[in-house]
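Here the structure comes first, spelled out in structure tokens, and everything after it is commentary.
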Amino acid sequence: MARNTTRSIGVDKTLADQLQINEREIAYRKSLLGFNDKDVVELLSCRDIVVRDIDTIVDTFYASQLEITEISLLIGDAETLQRLRMSMRRYVLELFEGYYDAEYVNKRLRIGKVHNRIGVSPKLYISAITLLEVVVDAHLKLSMPEGEGESSREGLRMALHKLLMFDVQLVFDTYITSLVAEVETAKGELELYAEGLEATVRERTKQLEELSTRDQLTGLFNKRAFLDSLRREISMAERTREPIALAYIDLNGFKTLNDEQGHQMGDQILHLMGGIFQKVVREIDVACRYGGDEFCVIMPRTGTAEARIAAGRIVEAFEAQDTEGVSFSMGIAVSNSDSPPDMDAFIRMADRLMYQAKELAHEEDGYHFIIEGLE
């Protein structure tokens, strides 16, 4: 929205307004060059000669310009040359009209903008202005009435030189403004590119982190991420003096399924397990694939009663799925708020409880879990 507003403001203003060149600035620029009313009179005194001989002046100018290969290539074709001749004709006549006001300034600024747009370099523009001054001065010198003194010709020559330098100032303002605009545009594009690159790097980094911390088959965190998370959550529990529970889960009948129906079916069950865990655990919980058919769930701010509810929720979710006869045994170790656990001891305890539950599974099919607090 802001970009459109800026554009409309530029369209509504003249080039002089955009460059903040007002009447006061115009007068100041003339004074810097010593261009005054006397110079205006000098230029007006030659207007009739210039109007009469304008075509000769323009032809002489372009005859010299076209000898420069770079300029000839820039012009390119006869139609363009004809348009340039007409433009130069108007330009020279305006030099001797006596009106050097805001409208004159805007015309010169437009010339600069067009020259810059079509690729006329400053060196070519300066050389062209220098040539034009020489051509006009030489023609006026030859056309001056007899009896005109050298001082009069010098006054006219200086008036023309000052006015052309005034024009050069204006044209270069457009060159500089265009250059600044290009730099700002390039800067903006570079910033956008950098922002896009940063976003891409962040996304790629995130993806790499996901790959390094996630188990690709189940979508759960892997063992490395599990150990990092457990260490962090135990430290948090110690600081906040809140309980923490760790569930260690091993699948029952998984090896038999793999042997009888193949690893592809086994992978499907593992994938199903991952999806179930992601659905039933809380946002603060961390579900991981510890390895093979073993899973762990870290449950912050969870005491024995909450752990029992969580275990029941997991069992219900698994019972609702077709797991091809695969069930699980789960051991849940709970650390109370007064005695934060040692990480390795915490894992060993949950693992031991899981094996106790697995012994029950050998006696009776189904889901079994044992919960115990850590002393």
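Backbone geometry of the stretch 97-104 corresponds, through the Karplus equation with coefficients 6.51, -1.76 and 1.60 at θ = phi - 60°, to 3J(HN,Hα) couplings of 7, x, 10, 10, 9, 4, 5, 4 Hz, x marking Gly and Pro. Across the chain, the relative contact order, built from alpha-carbon pairs under 8 Å that are at least six residues apart, equals 15 percent. In degrees between 0 and 90, to the nearest 10, how far off the longest principal axis of the chain does helix 304-319 point, with axes built from Cα atoms? Orientation of helix 304-319: about 80 degrees from the principal axis. Around the amide H of Ile371, modelled in the peptide plane, lie the amide H atoms of Ile332, all under 5 Å away and 5 or more residues distant in sequence or on another chain.
Semi-axis lengths, largest first, of the ellipsoid equivalent to the chain are 94, 23, 14 Å, with √(5λ) applied to each eigenvalue of the Cα gyration tensor.
Relative contact order, whole percent, for the stretch 2-192 stands at 35, derived from Cα pairs under 8 Å and 6 or more residues apart.
In degrees, nearest 10, range 0 to 90: what is the angle between the Cα axis of helix 263-280 and the longest Cα principal axis of the chain? Roughly 80 degrees, rounded to the nearest 10. Translational diffusion of the stretch 2-192, estimated by Stokes-Einstein from the Kirkwood radius over alpha carbon pairs at 4 °C in a medium of 1.567 mPa s, is 71 µm² per second.
Take 104-112, 311-319, 217-225 and order them by the average number of nearby Cβ atoms within 10 Å per residue, most first; the result is 104-112, 217-225, 311-319.
Helix 343-363 versus the longest principal axis of the chain: what angle, 0 to 90°, nearest 10, using Cα atoms? Once rounded, one gets 50 degrees. Here the Karplus curve 6.51 cos²θ - 1.76 cosθ + 1.60, taken at θ = phi - 60°, turns the phi angles of the stretch 191-198 into couplings of 5, 5, 5, 5, 4, x, 5, 4 Hz, with x standing for Gly and Pro. From the largest down, the stretch 313-375 spans 41, 22, 15 angstrom on the principal axes of its Cα atoms. Dividing the summed helix terms, -39500 (n - 2.57) for each DSSP H run of n ≥ 4, by the number of residues in the chain produces a 222 nm estimate of -23500 deg cm²/dmol to the nearest 500.
For the stretch 265-347, compute Rh as the Kirkwood radius over C-alpha pairs and then the Stokes-Einstein diffusion coefficient at 37 °C and 0.692 mPa s; write the answer in µm²/s, rounded to an integer. It comes out at roughly 236 µm²/s.
Could you work out the relative contact order of the stretch 322-362, using alpha carbon pairs under 8 angstrom and six or more residues apart, expressed as a whole percent?
Details: 26 pairs, mean separation 22.5, N = 41.
It comes to 55 percent, rounded to a whole number.
Under the simplified labelling scheme, the Tyr28-Ser64 pair shows an inter-label distance of 3.4 nm, with each label point 7 Å from Cα along Cα→Cβ.
Evaluated at q = 0.11, 0.18 Å⁻¹, the base-10 log of the normalised Debye intensity for the stretch 223-374, with identical point scatterers placed on the Cα atoms, takes the values -0.39, -1.02.
Under a 5 Å amide H cut-off, with hydrogens placed 1.01 Å from N, Asn252 pairs with Ser327, Phe328, Ser329 among residues at least 5 apart or on other chains.
With R₀ fixed at 22 Å, the C-beta to C-beta distance from Thr185 to Thr14 puts the FRET efficiency at about 0.50. For the stretch 237-284, the Kirkwood estimate of hydrodynamic radius, built from reciprocal distances between every pair of different alpha carbons, is 13.3 Å.
Where a number appears in this text, it was derived from the coordinates with a stated rule and is not lab data. Predicted, not measured: the structure shown is a model, and the values here were computed from it. As a convention, Cβ positions derive from the backbone with ideal geometry for all residues, glycine included, and neighbour counts pool all protein chains shown.
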